[in-house]
Amino acid sequence: MNRKLEILNLQRQIKADLKILNWSIASFSSKYLIDNNEYDVEEYDVKTFQERVKKQLVRATTNQELLLKYNNFIRNSDEYKKLGDEYAQRDIQPLTGFISDYVALLNEAQDETERKVLAVAAAHALSVGTAWDFHVTPINHDDYYDTRYLTLWEGDIGHGGGSGCWGTAMCEVVQSHWGVLFVRRTDYFFNTGLRTVNEILGFNDGLLKLRGLDYDNDDANNFPSLVYDVELLEQHGVWSLTNKNLVGKKCFNK
């Protein structure tokens, strides 16, 4: 399985278990830090760790061993063991990048609008190749369509196979005056200037801002380590890279 998918599935499992326990990420982080520290923990350290864990549960480069430690801590907790057979060891359906992911992706959408857009975008993406790590953002209205949404995903178009075949793809989902959502435009080799997109930072006046990873000189193909912010400008339906700023180097053991 793709390394990013393995990380994503671990993150999804942790969030699912926290939801069953009715624990917030903040409360879990506090429990984990205190239970794994021999000394008293200051309030500042707790808050700092809470913010770190929030990021670790969404970043595609979070260390897998660390996520496994979090998962084991949750499942070995007294609260989890008391849930009984109905909940104990309940595993999520792991995402695979294939069409079988469709229902799970929709069930995990954050809100109703995102779910509707993702229903169209994911159906398209999974019909042309493997697809995972979807990002959706609304973009400007135009003279004809009431609403437009840009969807980015990581995928292997045509199921070529191998780590050198996947990259960022895009489709634009629009809503007609009659309320129907459909795919209007696609770009299966969307040039972001990045090996992988981690998040959409925003969109304003035709300028799309992304954060993601690209290669340092000695990086392996599956492990780009340099964090960049990039800007892409849309002009007449065509996107072009206009700016790329180095943020820092990613450490894979955090």
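A few notes on this one:
- The Cβ shell under 14 Å around Lys209 holds other residues with a net charge of -3, Lys and Arg each +1, Asp and Glu each -1.
- Val46 sits among other residues whose Cβ lies under 14 Å from its own Cβ, and their net charge, with Lys and Arg +1 and Asp and Glu -1, is -2.
- Theoretical ellipticity at 222 nm over the chain - DSSP helices of four or more residues, -39500 (n - 2.57) apiece, nearest 500: -10000 deg cm²/dmol
- Rolling a 1.4 Å probe across the protein heavy atoms gives segment 7-74 an accessible surface of 57 Å² per residue.
- Computed about its Cα centre, the charge dipole of segment 1-144 is approximately 280 debye, with only Lys, Arg, Asp and Glu carrying charge at their Cβ.
- The Cβ shell under 10 Å around Leu226 holds other residues with a net charge of 0, Lys and Arg each +1, Asp and Glu each -1.
- Three-way shape call for segment 153-230 based on the alpha-carbon gyration tensor, with the a/c threshold at 1.5: oblate
- Against the chain, whose longest principal axis is taken from its Cα atoms, helix 112-128 shows a tilt of about 70°.
- Cα-based shape type of segment 26-98, given that a ≥ b ≥ c are square roots of the gyration tensor eigenvalues and the cut on a/c is 1.5: oblate
- Against the chain, whose longest principal axis is taken from its Cα atoms, helix 25-35 shows a tilt of about 30°.
- Of the GluC sites (Glu not before Pro) found in segment 22-81, the ones in coil according to DSSP and having at most 16 other Cβ atoms within 10 Å of their Cβ are Glu38, Glu42.
- Cβ-Cβ distance of Phe182 and Glu42, R₀ of 51 Å, FRET efficiency by 1/(1 + (r/R0)^6): the value works out to about 0.45.
- Around the Cα centre of the chain, unit charges on the Cβ atoms of Lys, Arg, Asp and Glu (plus for the first two, minus for the last two) sum to a dipole of about 240 debye.
- Gyration tensor verdict on segment 125-254 (Cα atoms; rounded if a/c is under 1.5, prolate if a/b is larger than b/c, oblate otherwise): oblate
The values are calculated or read from the model by the stated rules, or taken from the named source; none is laboratory data. Predicted model only: the values in this text are computed from it and were never measured. Using ideal geometry, Cβ is built from the backbone for each residue, glycine included, and neighbour counts are taken over all protein chains shown. Heads up: the accessible areas ignore ligands, DNA and RNA and are worked out on the full protein's heavy atoms, side chains in. Shrake-Rupley method; radii C 1.70, N 1.55, O 1.52, S 1.80 Å.
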